[in-house]
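Structure first, then comments.
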Amino acid sequence: MAAARRVFARDGFEVARLQDIAQEAGKTRGALYAHFKDKEDLFFALIEENMEADGEFYRTRLTPESTREERVAALVDHMEAMLCDRKRVMLYLEFKMYAIRHPHKQKRLAELHQALCVKGMDSKLHLVPELHEDNSQKRRAIFAAFGAVLDGLALNLYFDPGALSQEEVRSRIEQMVRERVV
């Protein structure tokens with residue numbers, strides 16, 4: 001998984017080859033196929049790994065009795081930390097670009113991504129009740145809004161690192177979170 005993360009971040013999702021990932025990991029390509037059916041499957045395993053780590057972060061910071069301010073602070077801290085993880089940012093942006101470049105796969109990949117987001121958040125929904133929405137379309141819109149702001153900030157942070165201060169980034173994240181966490 002660490003080798004896949006490095007290769008995807010370095011080469012981009014579309015250019016990365018399973019052979020390169022296997023070589024980076026010191027394994028054979030066949031060993032990868034024993035665990036993953038294809039490159040997309042491996043990528044989604046990385047997303048799932050990220051979401052498991054996200055869940056652990058929230059479980060250590062929040063309880064069902066956490067106040068609104070504690071929930072806001074935890075979300076802001078975590079989203080800010082995610083933006084500082086260049087490999088994670090590159091993986092998400094690369095994969096979204098791949099889906100956009102391949103319209104015949106876009107719907108399926110977007111649905112898989114949404115399913116992973118929902119699955120990843122299920123363990124945290126009781127800790128951040130505002131993110132629980134019975135209407136799946138509305139919940140999807142909430143996650144998309146978070147993604148849109150984070151993606152935009154990430155693109156600008158890494159494209160022109162000096163343009164936004166860390167305080168400005170944190171302020172934008174906090175503004176978005178406060179709009180969603182009532």
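Roughly how many Å is it from the Cα centre of segment 26-67 to that of segment 143-182, as a whole number? Comparing the Cα centres of segment 26-67 and segment 143-182, I get a distance of 23 Å. To the nearest ten degrees, helix 86-101 and the longest principal axis of the Cα atoms of the chain are 70 degrees apart.
Peptides 33-41, 139-147, 7-15 ranked from most to least packed by the mean count of surrounding Cβ atoms within 10 Å: 7-15, 139-147, 33-41.
Charge tally around Q166: other residues with Cβ under 13 Å, Lys/Arg +1 each, Asp/Glu -1 each, net -3. Computed from Cα positions, the angle between helix 136-159 and the longest principal axis of the chain comes to roughly 70 degrees. The dipole here belongs to segment 9-74: it is taken about the Cα centre, uses +1 on the Cβ of Lys and Arg and -1 on the Cβ of Asp and Glu, and is about 160 debye.
Count Lys and Arg as plus one, Asp and Glu as minus one, and take only other residues whose Cβ is under 11 Å from that of N156; the net charge is then -2.
The angle between the Cα long axis of helix 166-180 and the longest principal axis of the Cα atoms of the chain comes to about 70 degrees, rounded to the nearest 10.
Taken together, the values in this text are just the output of simple stated rules run on the coordinates, not laboratory data. Keep in mind the model is a prediction, meaning the values are calculated, not measured. Virtual Cβ from ideal backbone geometry, glycine too; neighbours counted across all protein chains shown.
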